[in-house]
1. Tell me, which residue of the range 15-49 that is charged (D, E, K, R) and within 30 Å of Ser134 (Cα to Cα) is most open to solvent (accessible area, probe 1.4 Å)?
2. Looking at (1) without any contact (Cβ under 8 Å) to a residue 12 or more places away in the chain; (2) more than 16 Å from the chain's Cα centre (by Cα), which one does Ala177 not meet, given that it meets all the others?
3. Within the range 174-187, does at least one residue satisfy the condition of being exposed (fewer than 15 other Cβ atoms within 10 Å of the Cβ), assigned to a loop (DSSP other than H, G, I, E, B) and not hydrophobic (A, V, I, L, M, F, W, C)?
4. Would you say Ala95 is among the small types (Gly, Ala, Ser) and touching a Pro at 6+ places or on another chain (Cβ under 7 Å)?
5. Just checking, how many residues over the range 1-39 are within 22 Å of Arg182 (Cα to Cα) and either free of Cβ contacts under 8 Å to residues at least 60 places away in the same chain or small (Gly, Ala, Ser) (or both)?
6. What tally of residues in the range 1-50 results from selecting those that are among the basic types (Lys, Arg), under 26 Å from Asn116 (Cβ atoms) and part of a helix (DSSP H, G or I)?
7. Tell me which residues, restricted to the range 63-85, are part of a helix (DSSP H, G or I), farther than 11 Å from Pro130 by Cβ and either of a type in the set (Asp, Glu) or open to solvent by 100 Å² or more (accessible area, probe 1.4 Å) (or both).
Amino acid sequence: MLSLEYKRNLAIEDHVQDSIADDEIQKYYDDEIIGDMSVRHILISPDTTADMTDEEKEAAEEDAKKQAKDLIKQLDDGADFEELAKEYSDDTGSAEDGGFIDYFNKDDNMDEAFLNASIDLEEGEYTKEPVQSSFGYHIILKVDQKDKPELDEVRDDIKETLAEEKLNEDPALMYNALIEIREEAGIEFN
């Protein structure tokens, strides 16, 4: 039964992938595919504890945001991003390296606000407002962004992603795909 279900799911995925139009692939490519990027960041985490009241937590959040804004002002005045990251960043994994985060892309496990802010920046530009994530407030500097891959290089991945999205959005699609596969194969149930 497991083998049959596995093979059936593969056939359904293949069928749905084959039904994806070129214009859908092109639109996804244009809208969603980007080149890998590397950034530097400074993380200011609010100094909160579990036993704090909501007001105390809110005050700590405001303090962290204010500190991040102060660092942006220092950058505006010509301070060195790497030195500020080494001195102030609460991200222990990257602070020693000047806040450097090596190449990443949309499919990596990044906080959505952090990812979107990174995408919106030009190379050499930093965020003019702190970016709030689940970790605190970030100041992000885009170091580099590679060219996005050619469509032919990612076409199969895009088809796979779109097929998965379609199957998740419409549960009936799986059954309709099975019916179409049977019809194409000339299988009839009596």
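The values are calculated or read from the model by the stated rules, or taken from the named source; none is laboratory data. From a predicted model like this one, the values you see are computed outputs, not experimental measurements. Note: ideal-geometry Cβ built from the backbone for every residue, glycine included; neighbour counts use all protein chains shown. The area values use the complete protein model at the heavy-atom level, side chains included, leaving out ligands, DNA and RNA. Shrake-Rupley method; radii C 1.70, N 1.55, O 1.52, S 1.80 Å.
1. Just the residues of the range 15-49 that are charged (D, E, K, R), to begin with: 18, 22-24, 27, 30-32, 36, 40, 47.
This time we only want the ones that are within 30 Å of Ser134 (Cα to Cα), so: 30-32, 36, 40, 47.
Working: Asp30: 87, Asp31: 85, Glu32: 78, Asp36: 57, Arg40: 40, Asp47: 125 Å².
So the residue we want is Asp47.
2. Unmet for Ala177, out of (1) without any contact (Cβ under 8 Å) to a residue 12 or more places away in the chain; (2) more than 16 Å from the chain's Cα centre (by Cα): (1).
3. Yes, some residue in the range 174-187 is exposed (fewer than 15 other Cβ atoms within 10 Å of the Cβ), assigned to a loop (DSSP other than H, G, I, E, B) and not hydrophobic (A, V, I, L, M, F, W, C).
4. On the way: among the small types (Gly, Ala, Ser): yes; touching a Pro at 6+ places or on another chain (Cβ under 7 Å): no.
When the stated conditions are applied, Ala95 does not pass them.
5. Applying the first criterion (within 22 Å of Arg182 (Cα to Cα)) to the range 1-39 yields 1-21.
Next, only the ones that are either free of Cβ contacts under 8 Å to residues at least 60 places away in the same chain or small (Gly, Ala, Ser) (or both) stay: 1-7, 9-11, 14, 18-19, 21.
Looking only at that region, the number is 14.
6. Selection size over the range 1-50: 1.
7. Here is the first cut: in the range 63-85, the residues part of a helix (DSSP H, G or I) are 63-76, 81-85.
Next cut, farther than 11 Å from Pro130 by Cβ only: 63, 73-76, 81-85.
Passing the criteria: Asp63, Lys73, Asp76, Glu82, Glu83.
Residue-wise test of (1) charged (D, E, K, R); (2) without any contact (Cβ under 8 Å) to a residue 12 or more places away in the chain; (3) within 19 Å of Met37 (Cα to Cα).
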position: Val131; (1), (2), (3): no, no, yes
position: Gly136; (1), (2), (3): no, no, no
position: Lys142; (1), (2), (3): yes, no, yes
position: Lys146; (1), (2), (3): yes, no, yes
position: Pro171; (1), (2), (3): no, yes, no
